[in-house]
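Asker: Once you've had a glance at the structure underneath, I'll fire off some questions.
The values are calculated or read from the model by the stated rules, or taken from the named source; none is laboratory data. It should be emphasised that the depicted structure is a prediction, and the values quoted were computed from it without experimental measurement. Counting neighbours? That spans all protein chains shown, and the Cβs are built from the backbone with ideal geometry, glycine included.
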Amino acid sequence: MRVFVTGATGFIGSAIVPELLAAGHEVVGLARSDAAADALARQGVAAHRGELSDVESLTAAARACDGVIHTAFIHDFSRFADNAAIDRRAVEAMVDALEGSGKPLVVTSGTAMLGAGRTRTEEDSPATDSPGAHRAATEGVVMDAARRGVRAMVLRLPPSVHGAGDHGFVPALIDFARRAGVAAYVGDGENRWPAVHRLDAARLYRLALENGAPGARVHGVAEEGIPMRAIAETIGLGLGLPVRGITPDEAPAHFQWMAGFATIDNPTSSVLTRETLGWHPREAGLLDDMRESGYFS
């Protein structure tokens, strides 16, 4: 299968590309720069020049391939709503290109938009009042695409996709702790984050591409819920800093743009995903990975 991958040189995409190549697929990667194109060429991957706001470029690439994996997103959380809108338009363009073809389209989403209060499953729809809810409209586009002759599905990732080279939420928590001189959690710290290793996530993207059903919601969750207090304790140990709880009113000052994510209770199941796609996570868990993969160097 000839697969167009957006975000092909990113933290997750750069794990998906070798996973696809090893399985015998041909990959075309979206490249915004010469450096990205060169990085893809070194892997034997063709570069398609463009960016998320260039819908004509995305349309052409999607139409020329046998399937699409969409992982790219502009991770500027000070403009989250604007970037979610760019993402939605990008997905709409690729859906239009694939309409009626029966080709697979795997679009990245997040578990954080599912809300709190109980363990969420693949059957849950996004909650309108949750962190990340701005991306809910994109899920709606994907579900509609499944009714337009596209084998479209969403793959929801947890707040922590971890592994060597991580530059996401956990490194941000570590940076906040360094700046404040304390590793903090909110309240009793019993609110939970699900997590997955990037290599396990990469395998799941391939399985979804190959075997996922139209309209499926796929959960890339290896650990259902790790208490934020345990994450803070691991950070404190790694940095040699004290660990303490702070009040919800203190959270914005400590966690800044991440305050909403740091306080969310987001336990999430992947039971249906494992049953339907035969996915079996096998990499290190988050806390072990934090201790062993250079998070504190």
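Asker: Considering Ala232, Ala213, which residue is part of a loop (DSSP other than H, G, I, E, B) and among the aliphatic types (A, V, I, L, M)?
Answerer: Values: Ala232 fails: part of a loop (DSSP other than H, G, I, E, B).
After ruling out the rest, the residue left standing is Ala213.
Asker: Taking Val196 as the residue in question, decide whether it is closer than 21 Å to Ile74 by Cα and either in contact with a Leu (Cβ under 9 Å, 6 or more places away or on another chain) or in a strand (DSSP E or B) (or both). Let's see the steps before the verdict.
Answerer: Numbers: closer than 21 Å to Ile74 by Cα: yes; either in contact with a Leu (Cβ under 9 Å, 6 or more places away or on another chain) or in a strand (DSSP E or B) (or both): yes.
Considered against the rule, which asks whether it is closer than 21 Å to Ile74 by Cα and either in contact with a Leu (Cβ under 9 Å, 6 or more places away or on another chain) or in a strand (DSSP E or B) (or both), Val196 comes out as yes.
Asker: Quick one: in the range 1-54, of everything that is among the β-branched types (Val, Ile, Thr) and either outside any helix (DSSP H, G or I) or not assigned by TED's automatic domain parsing to the domain that holds Ala202 (or both), which residue is farthest from the chain's Cα centre (by Cα)?
Answerer: Among them, the one singled out is Val45.
Residues checked against (1) of a type in the set (D, E, K, R); (2) part of a helix (DSSP H, G or I); (3) over 22 Å from the mean Cα position of the chain (by Cα); (4) modelled with pLDDT under 95:
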position: Asp249; (1), (2), (3), (4): yes, no, yes, no
position: Ala253; (1), (2), (3), (4): no, yes, yes, no
position: Arg274; (1), (2), (3), (4): yes, yes, no, no
position: Trp279; (1), (2), (3), (4): no, no, no, no
position: Leu287; (1), (2), (3), (4): no, yes, no, no
position: Arg291; (1), (2), (3), (4): yes, yes, no, no
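Asker: For the range 217-241, what are the residues that are closer than 14 Å to Phe176 by Cβ and more than 28 Å from the chain's Cα centre (by Cα)?
Answerer: Leu241
Asker: It is to be established whether one or more residues within the range 250-267 are touching an Asp or Glu at 6+ places or on another chain (Cβ under 9 Å) and surrounded by 20 or more Cβ atoms within 10 Å (Cβ to Cβ).
Answerer: yes
Asker: Would you be able to tell me the number of residues in the range 270-290 that are surrounded by 14 or more Cβ atoms within 10 Å (Cβ to Cβ) and either of a type in the set (Val, Ile, Thr) or within 28 Å of Ala184 (Cβ to Cβ) (or both)?
Answerer: The qualifying residues number 9.
Asker: Of the residues Arg229, Arg244, only one is surrounded by fewer than 16 Cβ atoms within 10 Å (Cβ to Cβ), in contact (Cβ under 8 Å) with a residue 12 or more places away in the chain and outside the structural domain of Arg89 (by TED's automatic domain parsing); which?
Answerer: Residue meeting the stated conditions: Arg244.
Asker: Follow-up. Which condition does Arg79 not pass, out of (1) surrounded by 14 or more Cβ atoms within 10 Å (Cβ to Cβ); (2) more than 22 Å from Arg151 (Cβ to Cβ); (3) of a type outside the set (A, V, I, L, M); (4) within 22 Å of the chain's Cα centre (by Cα), if it passes all the others?
Answerer: (1)
Asker: Which residue is nearest to the chain's Cα centre (by Cα), if the candidates are limited to the range 167-193 and must be outside any helix (DSSP H, G or I) and more than 12 Å from Met228 (Cβ to Cβ)? Steps first, please.
Answerer: The initial filter retains those residues of the range 167-193 that are outside any helix (DSSP H, G or I), namely 167-168, 181-193.
The next check asks that each one be more than 12 Å from Met228 (Cβ to Cβ); those that pass are 167-168, 181-182.
Details: His167: 12, Gly168: 10, Gly181: 29, Val182: 28 Å.
Per the stated criteria, the residue is Gly168.
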